[in-house]
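Have a look at the structure below before the remarks.
The values are calculated or read from the model by the stated rules, or taken from the named source; none is laboratory data. Since we're looking at a predicted model, the values are computed, not measured. Here the Cβ positions follow ideal geometry from the backbone for every residue, glycine too, while neighbour counts run over all protein chains shown. Keep in mind that these areas ignore ligands, DNA and RNA; they rest on the heavy atoms of the full protein, side chains included. Shrake-Rupley method; radii C 1.70, N 1.55, O 1.52, S 1.80 Å.
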Amino acid sequence: MDQTASGDTGGDGVAVSLAAGVELIRRKLRSIPGDPGVYRMIGGRGKVLYVGKARNLRKRVATYANAGRLPVRLQRMVAETRELEIVTTHTEVEALLLEANLIKTLKPHFNILLRDDKSFADILIAKDHDFPQILKHRGARKLKGDYYGPFASAGAVNRTITALQRAFLLRNCSDSVFASRSRPCLQYQIKRCSAPCVDRVDKAGYDALVLQAHAFLTGRTHAVQEELARQMQDASEVLEFERAAALRDRIKALTQIQSRQDINPVGIGNTDVIALAQEGGQSCVQVFFFRDGRNHGNRAYFPSHDRNAAASDIMSAFIGQFYDGRPAPKQILVSHDAAEAELLAEALAINAGHRVIVRRPQRGRLRRPLEHAVMNAHSALARRMSESASQRRLLEGLARTLTLDAAPERIEVYDNSHIQGENAVGAMIVAGAEGLNKAAYRKFNIRTVGGPAGDATAGDDYAMMREVLGRRFSRALKEDPDREDGAWPDLVVIDGGPGQLSAAVATLQELGIEDIELLAIAKGPDRNAGRERLHRPGRASFMLEPKDPVLYFLQRLRDEAHRFAIGTHRARRGKGMTASPLDEIPGIGARRKRSLLQHFGSAKAVAQAGLSDLEAVGGISGTVARKIYGHFHDER
């Protein structure tokens, strides 16, 4: 490539008129060749305003010199232009590739921009251990093992891993957790793991499970099911009914995996389906991934563009930027014809190393998945337009601050409240795109820690956090293991520092859950608001600017959790003040309680009474007297 740069800039902060911008472009036209290439419009302080490509640079740039024929948006761009740079290329395809790369890198204000362009996640079956781990992987494929993907979202990966665990019983725990196990974890109990950590399966048996998972992930679904069916039949014939039942459950899990594929057209192979919806000057592009004929999920994008941008231009710009840095599949189905579709397909083929077809099916079997994608695009756009703009901006800002895959749809915030361990409670609040979801709030009466002041376990905040999270997610694993009800959080926020965060990480690892994002918020010195320190697993702690809107948002969430926890604690403490120890004895109702108190005068006297004294009370039989005596005797 040859690069030519020319400039005639004014002073910073000086507005350049439209006439001056046109004059600048006309002067530069004298030295611009008629070759293919890319041009950049540059404004004050070196800010890139626009990046474009052309088969003939001279002709394309000349269109900006006729200001009267330009739309208002481009007139404004020309008026702001202080410099023009060009890069010539050998072909127009090369110019298209360079344009997409520069737009993604420079993010010019006047271009159609693909926002929220996160990398996609893969499934990795690691091969650096005798018993391979199945896990989510993002980034360069440098680890030893087999990769499957890409998947459209972290959620799609998580759901697929969960389904694969049900069908193939592969472990998802880290190597350190694996090495420290002395008994099977909850994943084994709910039939999601074969427990190689405690020798419930030998290496040969586990390797067979890995091979079956590989066959399934590469499209050989029927072969896997037929093999499992044969094994089930063999087990039944030799009267190994427990093993046959386990194989039956795995076959059922495989069937459910395939039935949950929303649309799985025969013969679709490796295809991306891209659908565009437009309304009110906004756009949504929905992308569905199919790999080896299997639906790998979908993701919605909301590109930034002029409200009058044509659908063909949006589709072309999106595809060019979307596949910059990632290979395209052999086939791309689109809902709208892309501008310069043939040129685009040629550029994609160069990047991918194989032929790429970009087509818009009008009928036949490929029309159905496209219609489904269009419907999803319209639904996603309608949801976005109906959401609170300020709340959405806060969630997107939080995602950027914490480097999350996407803006969290459900945030759970946890806090504990107690007085020296007494009447300890845990509280969970929930927030999302619609704000606080008070119907989803939960309280936890702490059971396993806490006690009278001075007790060794009183006030153990770490143990309280472990209990609350353990109960919350143990129940989630049992009630909604496939995460289909929308009750699993994208982000868990904890009021506390690195100690509370470590307790949370350890608790989730114990349950075999390693894909939930965690954040701990530690109060600043002297509990000053604005000086909070944020802690994330595997990262150094950091602080936000005191006036950062994301910090305000996190403070409000923390304060709401604190308010809910304190209110719950006060309610429990108030109830405890009026409660009687007699209330805890099964079978002691209001009438017997009244008889005991009238006879002895107080609950303390009842507790100190002998068995014969209790039997002397009217309405208290010998059996009930022994129950009362045993209750207080055991507690001493």
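Name the residues in the stretch 90-106 that are charged (D, E, K, R) and within 25 Å of the chain's Cα centre (by Cα), would you? If the condition is that a residue be charged (D, E, K, R) and within 25 Å of the chain's Cα centre (by Cα), then K104 is the only one that fits.
Only a single item in (1) at pLDDT below 50; (2) under 14 Å from E85 (Cβ atoms); (3) crowded, with 17+ Cβ neighbours inside 10 Å is not met by V16, and it is number (2). Of the numbered criteria (1) surrounded by fewer than 20 Cβ atoms within 10 Å (Cβ to Cβ); (2) more than 26 Å from Q286 (Cβ to Cβ); (3) free of Cβ contacts under 8 Å to residues at least 40 places away in the same chain, the one L124 fails is (1). Flag set for H372, criterion: out of contact with any Leu (no Cβ under 7 Å at 6 or more places or on another chain) and over 27 Å from E99 (Cα atoms).
When the residues of the stretch 216-239 are filtered to those that are of a type in the set (V, I, T) and surrounded by 13 or more Cβ atoms within 10 Å (Cβ to Cβ), the one that is modelled with the highest pLDDT is V224. Within the stretch 183-208, restricting attention to residues that are touching a Phe, Trp or Tyr at 6+ places or on another chain (Cβ under 8 Å) and farther than 15 Å from A246 by Cβ, the residue that is most open to solvent (accessible area, probe 1.4 Å) is K203.
Taking the stretch 64-86 as the range and being part of a helix (DSSP H, G or I), free of Cβ contacts under 8 Å to residues at least 60 places away in the same chain and either among the aliphatic types (A, V, I, L, M) or over 18 Å from A309 (Cα atoms) (or both) as the test, the residues that pass are A65, A67, G68, V72, L74, M77.
Tell me, please, whether a residue that is crowded, with 21+ Cβ neighbours inside 10 Å and among the hydroxyl-bearing types (S, T, Y) can be found in the stretch 247-259. No, the stretch 247-259 has no match at all. So, in the stretch 540-555, of the ones that are at pLDDT below 90 and surrounded by fewer than 10 Cβ atoms within 10 Å (Cβ to Cβ), which residue ends up nearest to R392 (Cα to Cα)? Selected residue: K547. Being under 27 Å from the mean Cα position of the chain (by Cα) and either of a type outside the set (D, E) or open to solvent by less than 70 Å² (accessible area, probe 1.4 Å) (or both) holds for only one residue in H372, H336, and it is H372.
For every residue, the table says whether it meets (1) surrounded by fewer than 18 Cβ atoms within 10 Å (Cβ to Cβ); (2) under 24 Å from A407 (Cα atoms).
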site	(1), (2)
T88	no, no
I112	no, yes
S119	yes, yes
I134	no, no
A154	no, yes
R159	no, yes
R166	no, no
R181	yes, no
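Only strands (runs of 3 or more DSSP E) whose full extent lies in the stretch 491-539 are considered here, and the ones with at least 2 residues that are over 29 Å from C197 (Cα atoms) and open to solvent by 20 Å² or more (accessible area, probe 1.4 Å) are 533-535. Against the list (1) polar (S, T, N, Q); (2) farther than 15 Å from R248 by Cα; (3) in contact with a helix residue (DSSP H, G or I) (Cβ under 8 Å, 6 or more places away or on another chain), the condition S236 fails is (2). One residue stands out among those in the stretch 406-458 that are at pLDDT 85 or above and farther than 21 Å from R558 by Cβ: the one that is least open to solvent (accessible area, probe 1.4 Å), which is A406.
Number of residues in the stretch 87-128 that are outside any helix (DSSP H, G or I) and either touching a Pro at 6+ places or on another chain (Cβ under 8 Å) or aromatic (F, W, Y) (or both): the value is 14. Look through the stretch 362-373, keep the residues that are more than 21 Å from H296 (Cα to Cα) and not small (G, A, S), and return whichever of them is modelled with the lowest pLDDT. So the residue we want is R363.
Being surrounded by fewer than 21 Cβ atoms within 10 Å (Cβ to Cβ) and more than 14 Å from E412 (Cβ to Cβ) is a property that holds for L477. If you take the residues of the stretch 375-403 that are hydrophobic (A, V, I, L, M, F, W, C) and under 23 Å from R294 (Cα atoms), which of them is most open to solvent (accessible area, probe 1.4 Å)? The extreme case among them is M375. When residues in the stretch 287-344 are screened for being among the β-branched types (V, I, T) and within 13 Å of L114 (Cβ to Cβ), 3 of them pass. Candidates are the residues of the stretch 175-219 that are in contact with a Ser or Thr (Cβ under 7 Å, 6 or more places away or on another chain) and not in a helix (DSSP H, G or I); the one that is farthest from A506 (Cα to Cα) is V201.
Return the residues of the stretch 63-85 that are open to solvent by 40 Å² or more (accessible area, probe 1.4 Å) and either out of contact with any Gly (no Cβ under 8 Å at 6 or more places or on another chain) or modelled with pLDDT under 90 (or both); say none if nothing qualifies. Residues satisfying the conditions are T63, N66, G68, R69, P71, V72, R73, Q75, R76.
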